[in-house]
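K.L.:
Before we start, here is the structure in question, set down as structure tokens.
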Amino acid sequence: MPEFPTGFRWGVSTSAYQIEGAADTDGRGPSIWDTFAATPGRIADGSSGAVACDHYHRYAEDTALMAGLGVTAYRFSVSWPRVLPTGAGAVNASGLDFYDRLVDGLLANGIDPVATLFHWDLPQPIEDAGGWLNRDTAYRFAEYADLVAAHLGDRVKLWITLNEPFIHMSLGYGTGEHAPGRTLLFDSFPVAHHQLLGHGLAVGALRARSGSPVAIANNYSPVRPMGDSPADHAAAAAYEALHNRLFTDPLLGRGYPELGFDQDVVRDGDLDVIAAPLDVLGVNYYNPTGVRAPEADSPLPFALVPLEGYPRTAFDWPVAPDGLRELLGWLRDRYGPDLPPIQITESGCAYDDEPDAQGRVSDPDRIAYLDGHLRAVHAAIADGVDVTGYFVWSLLDNWEWAEGFTKRFGLVHVDFPTGRRTPKSSYAWLREMIATAGPDPLR
Ligand code: GBH
């Protein structure tokens, strides 16, 4: 592996509902995912995140695993319903105490805490008031950001406002595969706008309370037209605008792309709030997308086609490290000097990892995945893209949303329901990688 620049941030990522468990402990309120998981038929194995990895009780063991790995940063998310059980108003001090303990333990181990404020677990009372379809939710989000920053602002080293607002909009409110399970299709644009407005208002609150840099984590997928006709190229451009530009264009001061949405919810001044300067752009990358012209009777302006010629993960997603280099080049070319430094806030893969007779977990496919994607990041840096960090999704096998416990993304195997942790062979590989990564490795 070639050398990475001095100061390059090596991290792992998780999110609250996927690992914490302790859903009814110490005053946490319900979130939309508790409600959704309790609805029959929504989750592949009928499970919920009520216990998950029990990280709420095992965070010290998990911090020791990170210290052993040698990462310099940990990206976790704060559970909004844990600190504000009804979403607004009364504060749950025990919830804030948990994040105090976590953050202090990370710092004691030389690991930078990177906090995401919203990784999809909206407090149920906020959903009952209309969720992200309601403009008020943006203001409630900013108040929650202010509360968290007032408590952790002296110790969190990077703030991430929202995780993948596109996925939350499209799967949560568009197709209904995720909580809250709405099926509004293209009428879900207000969810995009109100998340972005909440982001912009939260940036102001974070800047007032904390000197640490501020980011957002978007998911991106390089789009490949699967045909040479003008209709195929038009379809690819439409998908690119929806998937890769809907959130990033307004964040970087270009307003919304033309997608034919009714934009009545956008008020004077909103776009200025949304375009508040960002210190870092978080990039979550999984795979490229093949797109061609839709059938004549399709309600969509594009059709998605599986990409041929790549190995596939247990989720059936193509393993395409070349797509990460392509994506980073696309971001640089499209946004030029407006593009802030990038950190890869998620990159990872699911495989069917299980212990052998000796209790060891071998995951050579994940090692190949990480090797390929780190080389792609290195190549992008050599291309001139300013990439300053890479976070693996994920530290632990965890509760994978609608897939329940059926998809294992961890560097560390977790036995459900006992919660026993076993580092996989990819953990040992990454430890060696980080230890030898640069001219001035931190450990
Ligand atoms: C992230 O979302 C989430 O932030 C995280 O919570 C989650 O656990 C993790 O990734 C793993 O899922 O149709 O074959 O082209 C990922 C969003 C959306 C990325 C679907 C891959 C489609 C693959 N994903 N996408 S494909």
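K.L.:
Considering all projection directions equally, how large on average is the shadow of the alpha-carbon convex hull of the chain, in square nanometres?
P.N.:
For the Cα atoms of the chain, the hull's average projected area reads 20.4 nm².
K.L.:
Restricted to Cα positions, what overall size does segment 1-58 have along the principal axes? Three whole-Å values, descending.
P.N.:
49, 28, 18
K.L.:
Cβ neighbours within 10 Å, averaged per peptide: list 41-48, 113-120 in order, most packed at the top.
P.N.:
In descending order of packing, they fall as 113-120, 41-48.
K.L.:
Filter the trypsin sites (Lys or Arg not before Pro) in segment 198-288 down to the DSSP loop ones having no more than 15 other Cβ atoms within 10 Å, then list what survives.
P.N.:
Here the trypsin sites (Lys or Arg not before Pro) that fit, given the DSSP loop and packing criteria, are Arg254, Arg267.
K.L.:
What whole-number value in Å² describes the accessible area per residue of segment 9-436 for a 1.4 Å probe?
P.N.:
35
K.L.:
Roughly how big is the chain's charge dipole about its Cα centre, with Cβ charges of +1 (Lys, Arg) and -1 (Asp, Glu), in debye to the nearest 20?
P.N.:
My answer is approximately 800 debye.
K.L.:
On to the next question. Can you find, among Ala382, His178, Phe261, the residue farthest towards the positive end of the dipole of the chain? Put +1 on the C-beta of Lys and Arg, -1 on that of Asp and Glu.
P.N.:
Farthest towards the positive end: Ala382.
K.L.:
What does the helix-only formula give at 222 nm for the chain: each DSSP H stretch with n ≥ 4 adding -39500 (n - 2.57), the total divided by the residues, and the result rounded to the nearest 500 deg cm²/dmol?
P.N.:
-10500 deg cm²/dmol
K.L.:
Continuing with this model, one more query. Which whole-number percent gives the relative contact order of segment 251-361, counting Cα pairs below 8 Å spaced six or more residues apart?
P.N.:
Computed value for segment 251-361: 31 percent relative contact order.
K.L.:
Another one. Compute the signed sum of charges (Lys and Arg +1, Asp and Glu -1) over the other residues within less than 14 Å, Cβ to Cβ, of Phe261.
P.N.:
With Lys, Arg at +1 and Asp, Glu at -1, the net is -4.
K.L.:
What's the carbon and sulfur percent of segment 9-436's accessible surface, probe 1.4 angstrom, rounded to a whole number?
P.N.:
Roughly 52 percent of what the probe reaches on segment 9-436 is carbon or sulfur.
K.L.:
Under the rule of at least 5 residues apart or a separate chain, name every residue whose amide H is placed under 5 Å from the amide H of Ile344.
P.N.:
The list, which skips near neighbours in sequence, is Val283, Thr388, Gly389, Tyr390, Phe391.
K.L.:
Please tell me the relative contact order of the chain in percent, rounded to the nearest whole number, where contacts are Cα pairs under 8 Å and at least six residues apart.
P.N.:
19
The values are calculated or read from the model by the stated rules, or taken from the named source; none is laboratory data. If you're wondering where the values come from, they're calculated on a predicted model, not measured in any experiment. As a convention, Cβ positions derive from the backbone with ideal geometry for all residues, glycine included, and neighbour counts pool all protein chains shown. Calculation scope for accessible area: heavy atoms of the full protein, side chains included, ligands and nucleic acids excluded. Shrake-Rupley method; radii C 1.70, N 1.55, O 1.52, S 1.80 Å.
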